[in-house]
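Below is one structure, written out as structure tokens; the observations come after it.
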Amino acid sequence: MTCAFDVDHYRELLEAARSGGYRFAFFDHDPQPGDLLLRHDVDLSLAAALELAEVEQALGATSTYFLMTESVFYNLASPEGEHALSRLRELGHRVGLHAVWPRAELDERFDPVVAWHNPEPEYLSEPVEGAANVMEPRFFSPETYRSDSNQHWRSGCPHEELAAGRFEWLQLLTHPEIWVHPGETMGETMAAMLDAERERRVQQLEADNIDLS
Ligand SMILES: [Zn+2]
Ligand SMILES: [Zn+2]
């Protein structure tokens with residue numbers, strides 16, 4: 001098995017978790033033995049989030065998608081944003097706030113759970129009023145956390161340990177853009193994402209009655 005950052009290997013990760021006996025859990029209780037908390041920080045692309053959300057649903061997996069209200073890459077208040085919110089819920093996933101410090105302003109669109117975007121150590125694991133913080137100590141320890149940051153597993157791809165049931169429980173943070181777009185490196189993956197974005201922007205211009213002739 002090659003540990004590619006692609007949708008096929010994402011499926012294999014989910015299947016490994018299932019054969020290791022894990023159950024999909026949310027950030028609404030302290031992690032129990034056997035819990036797998038799938039977390040997605042949606043930094044760049046709602047379309048990529050929806051694509052991964054469909055993959056998970058087809059395999060009976062549920063996760064928490066953390067969406068931004070202050071992204072420079074997408075607008076959660078746009079029709080595309082509203083569609084993403086409702087589709088994620090239809091697929092059985094939960095939606096938390098991917099917040100930009102110091103604002104953790106939760107409204108009715110979000111479950112009471114926050115993940116800070118590019119956090120500094122000073123507030124990373126501090127409690128947040130009225131919401132769970134995914135990095136507070138009850139949800140985080142180095143042994144029970146893996147992340148695909150910049151298309152790199154700092155402690156290795158977890159598929160083998162998941163299949164063997166070696167984590168007591170696990171918070172698994174993945175960024176949908178990395179898995180949905182092809183590329184051997186983060187740079188290549190981002191170039192592929194920008195190509196796809198260009199297509200999407202052309203369609204948006206047409207939908208906005210812009211004359212492209
Ligand atoms: Zn792997
Ligand atoms: Zn982020």
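The values are calculated or read from the model by the stated rules, or taken from the named source; none is laboratory data. Since the model is a prediction, treat every value here as computed from it, not as a measurement. No Cβ is skipped: glycine too gets one built from the backbone with ideal geometry, and neighbour counts run over all protein chains shown. These accessible areas exclude ligands, DNA and RNA; they are computed on the full protein's heavy atoms, side chains included. Shrake-Rupley method; radii C 1.70, N 1.55, O 1.52, S 1.80 Å.
Scan the stretch 63-75 residue by residue and report those that are over 20 Å from Ala131 (Cα atoms) and either open to solvent by less than 60 Å² (accessible area, probe 1.4 Å) or out of contact with any helix residue (DSSP H, G or I) (no Cβ under 9 Å at 6 or more places or on another chain) (or both).
Ser71, Val72, Tyr74
When you go through Leu162, Leu205, Leu172 one by one, which is the residue that is part of a helix (DSSP H, G or I), in contact with a Leu (Cβ under 9 Å, 6 or more places away or on another chain) and buried (at least 20 other Cβ atoms within 10 Å of the Cβ)?
Leu162
Please state which one of Val42, Val55 is within 16 Å of ligand 2 (Cβ to nearest atom) and among the β-branched types (Val, Ile, Thr). Walk me through it before giving the result.
Working: Val55 fails: within 16 Å of ligand 2 (Cβ to nearest atom).
Being within 16 Å of ligand 2 (Cβ to nearest atom) and among the β-branched types (Val, Ile, Thr) holds for just one of Val42, Val55, which is Val42.
Given (1) open to solvent by less than 30 Å² (accessible area, probe 1.4 Å); (2) in contact with a strand residue (DSSP E or B) (Cβ under 9 Å, 6 or more places away or on another chain); (3) closer than 22 Å to Ala4 by Cβ, identify the lone condition not met by Met135.
Result: Met135 fails condition (3) only.
Trp101 is checked against (1) open to solvent by 70 Å² or more (accessible area, probe 1.4 Å); (2) farther than 13 Å from Val42 by Cα; (3) out of contact with any Phe, Trp or Tyr (no Cβ under 7 Å at 6 or more places or on another chain) and fails just one. What number does that condition carry?
All conditions pass for Trp101, except number (3).
For the stretch 127-158, which residues satisfy the criterion of being assigned to a loop (DSSP other than H, G, I, E, B) and closer than 16 Å to Pro112 by Cβ?
Pro127, Glu129, Gly130, Val134, Met135, Glu136
Go through Ala61, Ala84, Ala104, Ala99 for me and flag whichever is touching a residue at least 40 places away in the same chain (Cβ under 8 Å) and within 20 Å of Leu173 (Cβ to Cβ).
Checking each option against the conditions leaves just Ala61.
Going by the structure shown, is Thr2 away from ligand 2 (no atom under 16 Å from the Cβ), of a type in the set (S, T, N, Q), under 14 Å from Gln171 (Cα atoms) and not in a helix (DSSP H, G or I)?
Here the answer is no, as Thr2 does not meet what is asked.
Report yes if Arg200 is of a type in the set (Lys, Arg) and either at pLDDT below 95 or crowded, with 19+ Cβ neighbours inside 10 Å (or both), otherwise no.
Numbers: of a type in the set (Lys, Arg): yes; either at pLDDT below 95 or crowded, with 19+ Cβ neighbours inside 10 Å (or both): yes.
Judged against the criteria, Arg200 is a match.
Report, by residue number, each residue of the stretch 8-27 that is within 13 Å of ligand 1 (Cβ to nearest atom) and either closer than 13 Å to Ile178 by Cβ or hydrophobic (A, V, I, L, M, F, W, C) (or both).
Those that are within 13 Å of ligand 1 (Cβ to nearest atom) and either closer than 13 Å to Ile178 by Cβ or hydrophobic (A, V, I, L, M, F, W, C) (or both): His9, Tyr10, Leu13, Leu14, Ala16, Ala17.
Being within 16 Å of ligand 1 (Cβ to nearest atom), within 21 Å of Phe26 (Cα to Cα) and either open to solvent by 30 Å² or more (accessible area, probe 1.4 Å) or not in a loop (DSSP other than H, G, I, E, B) (or both) is true for just one of Val95, Val55, Val114. Which residue is that?
Val55
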